[in-house]
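For reference, the structure I am asking about is given below.
Readers should treat all values here as calculations from the given coordinates under stated rules, not as data from a laboratory. These numbers come from a predicted model, not from an experiment. Here the Cβ is made from the backbone with ideal geometry for all residues, glycine too, and neighbour counts use every protein chain on show.
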Amino acid sequence: MSRIGKKPVELPKGVTASLSGQTIEVKGPKGTRTFTATDDVTITIDGDTVKVDPRGKSKRARQQWGMSRTQVANLVAGVTQGFKKELEINGVGYRAQVQGKTLKLALGYSHDVDFAIPDGVTITAPKPTEIIVEGNDQQVVGQVAANIREWRRPEPYKGKGIKYKGEFIFRKEGKKK
């Protein structure tokens, strides 16, 4: 039995959900999100709660049960609060700034890196060494943050590069004479 799947998803005030077949659509103050569940689960809406139940006792049905409930909960969280990833830049001369729909990164290369900001995501740089990625889709926000981090991953000797806020970088000791 899925412990996560058993719990119903509560819909807060200002959030509406509609169901058509296996596709659930959730509308809220931060936009609209949809999720299409597999045929192994049944989604039902009772007033201000959404419940996910498995169809059968197969292993796949039980796997999809908890995953589908989590996806629906993420839809609700995305349209109410949204998701956010914070990045920090460490290094001499490393900085970031937003210009229109482009994030300009100076990362020690011979040229500046121009990162096009995708739709559905907002990127801000409150400080030259700080980047905040926000949106209502958790997967897209995480992927955009990972793509930005990939331009200069933190290295273990001096700790230079782009890292997630609060991330621990394992430091190595350099050569000794």
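Where does the range 3-80 land on the Kirkwood hydrodynamic radius, alpha-carbon pairs, in angstrom? Working shown, then result.
Working: mean 1/r = 0.0810 Å⁻¹.
This gives a value of 12.3 Å.
Which whole-Hz couplings ³J(HN,Hα) result when phi for each residue of the range 136-149 is put into the Karplus expression 6.51 cos²θ - 1.76 cosθ + 1.60, θ = phi - 60°, listed in order with x for Gly and Pro?
9, 10, 4, 5, 5, 4, x, 5, 5, 4, 5, 5, 5, 4
Grab the alpha carbons of the range 81-134, take their convex hull, and tell me the volume per residue in Å³.
Measuring per residue, one finds 74 Å³ for the Cα hull of the range 81-134.
If you line up the long axis of helix 59-80 against the longest principal axis of the chain, both from Cα atoms, how many degrees apart are they, to the nearest 10?
It works out to around 70 degrees.
Which three extents, in angstrom, do the Cα atoms of the range 70-111 have along their principal axes, listed largest first?
That gives 45, 23, 14 Å along the principal axes, largest extent first.
Using θ = phi - 60° and the Karplus relation 6.51 cos²θ - 1.76 cosθ + 1.60, list the HN-Hα couplings for the range 163-177 in order, rounded to whole Hz, with x at every Gly or Pro.
Whole-Hz 3J(HN,Hα) from phi for the range 163-177: 10, 6, 5, x, 6, 8, 9, 5, 9, 10, 8, x, 5, 10, 7.
Related question: Starting from the Cα-Cα distance between GLU150 and ARG60, subtract it from 0.36 nm times their residue separation and give me the gain in nm to one decimal.
29.0 nm
A further question follows. Counting other C-beta atoms within 10 Å, which of PHE115, PHE35 has the fewest, and how do the rest follow? Can you show the working numbers first?
Working: PHE115 18, PHE35 15.
Ascending number of Cβ neighbours within 10 Å: PHE35, PHE115.
Once phi is turned into ³J(HN,Hα) by the Karplus curve 6.51 cos²θ - 1.76 cosθ + 1.60 with θ = phi - 60°, what whole-Hz value does each residue of the range 7-21 show in order, with x for glycine and proline?
6, x, 8, 7, 9, x, 4, x, 10, 10, 10, 10, 10, 9, x
Let me ask you something else. How much FRET efficiency would the formula 1/(1 + (r/R0)^6) give for LYS27 and THR129, where r is the Cβ-Cβ distance and R0 is 35 Å, rounded to 0.05?
0.40
Let me ask you something else. Just to be sure I understand, if you calculate mean projected area of the Cα convex hull in nm² for this structure, which of (1) 9.3; (2) 11.0; (3) 14.4 do you get?
Here the calculated entry is (3).
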